[in-house]
Amino acid sequence: MTPTLVESFGIAVRRQRDALGWSQELLAERADLNRSYVGEVERGRVIPSLVTIEKLAQALGLSPHALLQLGEQVGQSRRAHGINLAAIAC
């Protein structure tokens, strides 16, 4: 199954957080968000508002555009991986 933009965005947030060595708690604190909400974003279970995207991006040291772009790159990579696996299975 191909990932949605929401799922890909969540993966991008988690990757950026992990790259900084931060816990969800620290990201939530720096973004002025609830830790459980950050977890829901990272799992692609909620659709973050533009305000939330801006808060997350600023906390991670990125522009909102850059963070959304990372999410799109994750989605493209995962879709390509899925196509490769489907080709192998045929």
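Just so it is clear, none of the values below were taken in a lab; they were calculated from the coordinates. Everything numeric here is computed off the predicted structure, so don't read it as measured data. Cβ: placed from backbone, ideal geometry, glycine included. Neighbour counts: every protein chain shown.
Taking 7 Å steps out from each Cα toward its Cβ at S49 and Q73 produces label points 2.9 nm apart. If you wrap the tightest convex hull around every Cα atom of the stretch 5-89 and split its volume per residue, you get 88 Å³.
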